[in-house]
Amino acid sequence: MNVRPKVTMLTEKEVRLVHEASLEILEKTGVLYENKKALDIMEANGQKVDRDRGVAWVKPDLVERCLKTVPRKFVLASRDGKNDAVIDGEQMHHMTDGQASFTIDEKTGDRRTSTLHDLALSTLLADALPPIKVMWSTVFPTDASTDFRSLFEMASTFMWSAKHFQMVGGVQDPDDVPYLLAMLDAVYGDRRKQRDRPYFSMVTCPVSPLKHDDMMTEACIALAKEWVPIVFWPMPLQGATAPITVAGTLLQTNVEFLSGLVLYQLVQPGLPMIYPAGPETLDMKTGLASTASPEGILLNLPFAQMTEFYGVPYMAGGICSDAKIPGIQCGYENMATGMTAALSGCDLLVGIGILEDGNTLSFPQMVIDEEMCNILSYVRNGMELTREKLMVESIQKVGHSPNHHLGQPYTREFLKSGQGYWPYISFRGTYGDWKRRGKDEVQLARERMRSLLDKHEVPEVPSDVQKELRRLLCERTGFAPNDPKIEGVFQHPWKEHPSSWR
């Protein structure tokens, strides 16, 4: 029997209190759906709608009905089947963080705006990092077309990773949806496969407090009809767009998620959906948001219990830091947020490689975070508790000191089986050996990063598929096939890029 650690915070009565308060707000205050189709859907399902204000009031019985159709188990599939993220309530899968506007330049050490090359290279590196199963676009590529960002992100990710792609920035223009679906068809074949093995999923956020954006909602309704899983991510700011108390932020987040779950289950009953937790805290001294506040760390626990109560998967914002560079602050904040999330029982843990409240990508930090992910997974996986693993007979055989277990055959067998944990960059040797090594964690992370990029090969996208991706990009954007922005998607970001730092 395998036993896993799990930390809870709320009693069953308190979980029910949050749920009942959520139903009360949905029914009495309602939710602002700016999109006409969303209002049509709510009205067609018997909900009171104010067309002038754009508000729909959601009855408790509709919430309960929609909760019964959302699945608890499904798979976020990879292209080659080797990195599927099985969402079953037992396993925890790691993800990159996303949409950083800035990148720490490896040549100069300066913080600069992120580029399409940063997106492609970080995607390739993330594909090489074993713990990562689900890909977010790590950066916002400022040198690509902002209007067509979603298409560049999808094409670049399909080119440089075979892992599941989850679009985190949402789709701002519904007219992009047919092109995104056409790209999906080009790479994976018939998009109807999405129903059983979704290769692509979508993150969309309400506008706190209690509002659904018009264009993004329109796009997600179209995607939901095609069985694209929806991660409906409330991101209220405690003390600003959410109440000042931790409990109030918990409640508002829960209300907003349920408002999205109802809408998309009405669009497509049985659609896979994920409950993510992303509230942040407003630092009243600086006026800036904090992603690694103690309040945010604490909230991972009750959110996990709400998802368990609803029977939906939980995506935790886990490896999060407000630090500006890799270092001490980043280390303790990442581990604090990550360990709490892991022990909450989450299905997915977001956060690899991004600093400064989600604003800055660091390539070495991606590798440092790999080490953290391995530690978190080891702890989360717990231990096998059987009589054999308790080693009753072994303890009896060795008996008393000065005898020991080090030289016993079963110790060697255990180590050879790979069950022990071995760090990549953390150092466990003597002080003298550490001094002679003369490298800190960031330098070692850079060495591992370069080694991974030198060796890693992504399953090739066939030339005819690349041609179709290029055609779709050019058709939608109006750019010429040889435009640097188009070429940047298909040029190998490590082996062929002239400015790659080595």
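For this structure, a couple of remarks:
- Gap separating the Cα centres of the range 8-70 and the range 294-359, nearest whole Å: 27 Å
- In the set (i) 68, 57, 48; (ii) 81, 62, 49; (iii) 61, 51, 48, the label that goes with Cα extents along the principal axes in Å computed for this structure is (ii).
- Rounded to the nearest 20, the Cβ-based charge dipole of the chain about its Cα centre (Lys and Arg +1, Asp and Glu -1) stands at 1280 debye.
- Across LYS6/LYS107; LYS13/LYS48; LYS82/LYS397; LYS133/LYS389, pairs whose alpha-carbon gap is larger than 32 Å: LYS6/LYS107; LYS82/LYS397
- Dividing the summed helix terms, -39500 (n - 2.57) for each DSSP H run of n ≥ 4, by the number of residues in the chain produces a 222 nm estimate of -14000 deg cm²/dmol to the nearest 500.
- The slack between THR245 and GLU12, meaning 0.36 nm per residue of separation minus the straight C-alpha distance, is 81.8 nm.
- The label-point distance for ASP175 and GLU384, in a model that sets each label 7 Å from Cα toward Cβ, rounds to 5.8 nm.
- If R0 equals 22 Å, the separation of the Cβ atoms of HIS404 and TRP434 corresponds to a calculated FRET efficiency of about 0.25.
- Listed by Cβ neighbour count within 10 Å, with the fewest neighbours leading, ILE319, ILE486, ILE274, ILE325 appear as ILE325, ILE486, ILE274, ILE319.
- Sites matching GluC sites (Glu not before Pro) across the range 428-496 that sit in DSSP coil, with at most 10 neighbouring C-beta atoms within 10 Å: GLU457, GLU460, GLU496
- Listed by chain and number, the aspartates and glutamates placed with their C-alpha closer than 15 angstrom to that of LYS439 are GLU447; residues fewer than eight positions away on the same chain are left out.
- Loop-located trypsin sites (Lys or Arg not before Pro) across the range 210-305 with a Cβ neighbour count of 14 or fewer within 10 Å are LYS285, with loop assigned by DSSP.
- Per-residue Cβ neighbour counts within 10 Å put LEU116, LEU299 in the sequence LEU116, LEU299, beginning with the fewest.
- Net charge of neighbours whose Cβ lies under 14 Å from the Cβ of TYR275, counting Lys and Arg as +1 and Asp and Glu as -1: -2
- By other beta-carbon atoms within 10 Å, ranking TYR421, TYR33 with the fewest at the front produces TYR421, TYR33.
- Pairwise centroid distance, computed over Cα atoms, of the range 192-236 with the range 460-490, Å: 26 Å
- The GluC sites (Glu not before Pro) of the range 31-98 that meet both conditions, a loop assignment by DSSP and at most 15 other Cβ atoms within 10 Å of the site Cβ, are GLU90.
No value in this document is a laboratory result; all are computed from the given coordinates. Owing to the predicted nature of the structure, the values given are computational and were not obtained by experimental measurement. Positions of Cβ are backbone-derived with ideal geometry, glycine not excepted, and every protein chain shown enters the neighbour counts.
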